[in-house]
């Protein structure tokens, strides 16, 4: 009798365990199906050149592209211009996916201009030359669309530096503008109200040694060698490695943190309502976390304290840093006795200059992704079939974009 009872209890326990295992299997299969569905949905979006949203593309003789949403027809005249600037050896096509996502969310408000004037080998011509080209290009875009009122810039990698130079060329103050009372400032970029200035994996502090290029492994010797052969990248290489000394003046990137007599670099940047830097915390072998987030290395968050966002899997959540150092001196005096100390001194001067403005710092990590070794391009979704994991970063950029001044 007792034996039969034990067998019954054991059988019941086995049935319960089997039911529990079946439930676990069902939940697992449900998660797998949901994941597959998301992947299929994403791939179906990437399969088309429309990337899920049809647009009207106007291409000029130089290959520059003005994109507007096709869903509104000609009923609306957008008033906000978004200028997207490519990086080294890049082109307007690198921004196509991101541009589509912006127009999908803001079809009636935006014209997205994907710059092509500085593409391919032309990106070796120097930050100043490319900045001048971009400034002239923006003026032509505005001439084609006379109803524009606001302007924003988004630059990837070198494109962020090109944009910083271009806005200084386009910066003006107009106390007679009737919109000044509404927006609280007379500062204009090409006659438009500046709203967002966003950079993605941009070497704001240059790449001139001091561990700013991860692929160099922090080796002082390797950095010195790279410094010596920076000419391979033309004038751009000399600007990035801080080896240019035009007419005995400081390197261009160092000049670009202050107002000069003819170019108001700082005032132009400050005129934007919002300043944002997206920076790879892992696996970006080209642009380091410090230079792209405009922070000293000892100010970088500890990676173990950063957690992933639920909605945006590759965005790291931590205490958002929007601090500045406006009360600090504009320059720093360090003993310049060797290569490393000289680079550290210039880097510190650039940090102090740039952080007089408040920045939203968005840290990104593709750790665990099969595309992590292409992090520098994945963060932009440069090529959707290779860099699709960066789609959530672009979505974060789109969702947090400011259409209007505050």
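The values are calculated or read from the model by the stated rules, or taken from the named source; none is laboratory data. Because the structure is predicted, anything quoted here is derived from the model rather than measured. Note that we place each Cβ from the backbone using ideal geometry, even for glycine, and neighbour counts take in every protein chain shown.
For the reader, a short list of remarks on this structure follows.
- Residues in region 70-89 that are in contact with a strand residue (DSSP E or B) (Cβ under 7 Å, 6 or more places away or on another chain) and crowded, with 17+ Cβ neighbours inside 10 Å: 78, 79, 80, 81, 82, 83, 84, 85, 86, 87.
- Region 286-307, subset surrounded by 15 or more Cβ atoms within 10 Å (Cβ to Cβ) and farther than 24 Å from residue 356 by Cα, residue farthest from the chain's Cα centre (by Cα): 306
- Residue ID - nearest to residue 287 (Cα to Cα), chosen from residues in region 98-110 that are crowded, with 24+ Cβ neighbours inside 10 Å and touching a helix residue (DSSP H, G or I) at 6+ places or on another chain (Cβ under 8 Å): 98
- Failed condition for residue 186, given (1) surrounded by fewer than 23 Cβ atoms within 10 Å (Cβ to Cβ); (2) touching a strand residue (DSSP E or B) at 6+ places or on another chain (Cβ under 8 Å); (3) modelled with pLDDT of 90 or more: (3)
- Set 88, 122: member being closer than 30 Å to residue 238 by Cα and free of Cβ contacts under 8 Å to residues at least 24 places away in the same chain: 122
- Flag for residue 160 being crowded, with 18+ Cβ neighbours inside 10 Å, in the same structural domain as residue 360 (by TED's automatic domain parsing) and at pLDDT 70 or above: yes
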